[in-house]
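This report refers to the structure that appears directly beneath it.
Read the figures in this text as sums done on the coordinates, not as results from a lab. Since the model is a prediction, treat every value here as computed from it, not as a measurement. Glycine gets a Cβ as well: all are built from the backbone with ideal geometry, and neighbour counts include every protein chain shown.
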């Protein structure tokens, strides 16, 4: 049925979100869920909140919203090299809309099943639409990929889809958003837009690559607020850890090496640079590795069926330099995404 | 300073919420937090979302809002008998208000410190005010208090403050809400109101009692949506588990045995019954134990410096009966709190 029904909170939970926990001792329906981490493993935890108009448009299909709410959290596990275990969902809804919840649950369950994830608990309340997923993964002690392990000389890498016709290339989410906004000067034929919007609405978390990069990458982060902005977090945290007492890390990026979709290749150079370098909502893994491990990175990409591309290297001079293939410097005046920027 | 400042998202996090994780390997600032559960322990997880106008009034002091957001989650750990370990906070804010965040953080940190809890991560975004806390505790396998262990004949208990002049007695949060609403017929002198509103704004989670009830209580739940409504969850889940193949559980409650504050004692019988039996926002532990364990329950109360009061017993007849001290039946026409009720 597709009509809006007046269901109580507990009926809603039971109808759409109560499934037997397969891998955890106790799931939805008690005061707490119970997880049993494997002996000796650390638990990786991440929480992301999605708000209408900020993280998704009101026009998004509920299945895709469910997918995205879980995907952005899986992407955080991927960036840590953690194996997904379970998640909770807290949900504020303007009204109890059965069709919306059915779609949302379908999107969540489909992605969760692909990653063998249990939905173990959460909360439902009335309020402006808001989805908060908290996700749990496991990782052996010392094996988590952190933002703090990059060193001068490391190569800088980014993940990408394996095939040209796969959706979700770097920058495409921003390109789709600009088309939605009616921004002038973009070259996106109408028939290509449904494909392009998949980048924004159905990001693919790089979980398998994160696992394959354990013991290979020196640092990792997922690109959610734009490549340059997220890279700054890595440089700051890694720099503070550089022996003997912290030093400023810098980076050199070859903009022409950045992987991009055929649609992106059709845009002006200015739009390409902005979308690729500060687009946001990309959910690719941006990571570093020692040059001696170049081939191990390529192997990790193959093993996880994920594209990986070297786009630059780290320096010890504290500056960020972006150049083209001819060595000409490219200005990057765009700020990283800030939720509270005017 | 108390002025509203335009701070970036990352500045906000750093200023108010980044503290060194004391008990966990990695806290705020990476893609994931890392928890190291003690060997062999299960992890209890709960998530609660608080929305303005539903779970708190816009007039609440930010310190109290911080306290409450964490307290309602600690209460879920208490109801499971789990020892608090860590929590995450996801926060949607209409604007980056430094004074508000300072107060909120103060309320959170103060309660967290009392329970030796690390804030290990979370998220900040712009949006209608919304706080989502996810909390983690540990419990030995098999020791968690569940909603499903009550059996016919068990005594029914509720927790309460130890002293008459402590705030937060059963029903007082509802009484405070009705005063806020300007409901006629209540007898609350103006000078008593500041004390009364503590019940609504500063609930005290019964963590120590929950720990003391491990191995003693047969079931437990925290009263958040009203005593009778929450009790229904226990009866339904416990009934389904009764051997050999499930049976309808019932309950008999002595309304005159329900613990209450002096202010509550001053209300009409009708208001007392409604506030005590279906008030909501109480965060007392409602639990069952075998009659043979009556003294062990009293000892658990003493050990945890928490009042405990026997208010009835479970039956096998599937009905809910509330009577007064003379045995006269009391009608209970109020529904349990439903976030989507009209």
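What is the gain in length, in nm to one decimal, between residue A:61 and residue A:321 on full extension, counting 0.36 nm per residue of separation less the C-alpha to C-alpha distance?
Net length gain for the segment: 89.6 nm.
Among A:42, A:245, A:272, determine the one that fluctuates most according to a GNM of chain A built with springs between C-alpha atoms less than 10 Å apart.
A:245
Report, for the protein assembly as shown, the % of DSSP beta bridges that are antiparallel, rounded to 5.
On the way: 84 of 110 bridges.
Of all bridge pairs located within the protein assembly as shown, approximately 75 percent are antiparallel.
Would you work out the Kirkwood radius for the protein assembly as shown? I mean one over the mean of 1/r across all pairs of different Cα atoms, in Å. Present the calculation step by step, with values, prior to reporting the outcome.
Values: mean 1/r = 0.0378 Å⁻¹.
With all distinct Cα pairs of the protein assembly as shown included, I get 26.4 Å.
Could you list B:56, B:287 in order of exposure, starting from the residue whose Cβ has the fewest other Cβ atoms within 10 Å? Working shown, then result.
Details: B:56 19, B:287 32.
Fewest-to-most ranking of B:56, B:287: B:56, B:287.
Out of B:167, B:141, B:291, any idea which swings most in a Gaussian network model of chain B, alpha carbons joined below 10 Å?
Looking only at B:167, B:141, B:291, the biggest GNM fluctuation is shown by B:141.
Using the number of other C-beta atoms within 10 angstrom as an exposure proxy, rank A:201, B:63, B:164 with the fewest first.
The order, fewest Cβ neighbours first, is B:164, B:63, A:201.
If you take the Cα Rg of the stretch B:266-332 and divide it by 2.2 N^0.38 Å, with N the number of residues, what do you get?
After normalising by residue count via 2.2 N^0.38 Å, the value is 1.31.
With no solvent and one equal point scatterer per Cα, compute the Debye intensity ratio I(q)/I(0) for the stretch B:40-139 at 0.21, 0.23 Å⁻¹ and report its log10, rounded to two decimals.
-1.04, -1.22
At what distance in angstrom do the alpha carbon centres of the stretch B:171-247 and the stretch A:308-326 lie from each other?
Centre-to-centre distance over Cα atoms comes out at 58 Å.
Round to a whole angstrom and tell me the spacing of the C-alpha centers of the stretch A:50-117 and the stretch B:252-289.
If you average the Cα positions of each part, the centres end up 39 Å apart.
Enter the per residue convex hull volume of chain A, computed from alpha-carbon coordinates, in Å³ rounded to the nearest integer.
So the per-residue hull volume is 153 Å³.
Per residue of A:79-86, how many C-beta atoms from partner chains lie within 10 Å of its own C-beta, taken as a mean?
On the way: counts 3, 6, 2, 3, 0, 0, 1, 2.
Going residue by residue through A:79-86 and averaging, the value is 2.
How big is the stretch A:55-108 by the Kirkwood estimate over distinct Cα pairs, in Å?
Result for the stretch A:55-108 stands at 12.2 Å.
So how do B:260, A:310, B:303 line up by other beta-carbon neighbours within 10 Å, fewest first? Present the calculation step by step, with values, prior to reporting the outcome.
On the way: B:260 20, A:310 16, B:303 13.
Taking fewest neighbouring Cβ atoms as first place, the list is B:303, A:310, B:260.
Across the stretch B:155-323, how large is the tail of the calculated P(r) beyond 30 Å, expressed as a percent of all Cα pairs?
So the portion of pairs separated by more than 30 Å is 17 percent.
Counting helices only, and only those DSSP H runs with n ≥ 4, report the 222 nm mean residue ellipticity of chain A as the sum of -39,500 (n - 2.57) divided by its residues, in deg cm²/dmol to the nearest 500.
Taken over chain A, the calculation gives -9500 deg cm²/dmol.
Out of B:276, B:57, B:196, any idea which swings most in a Gaussian network model of chain B, alpha carbons joined below 10 Å?
Largest GNM mean-square fluctuation: B:57.
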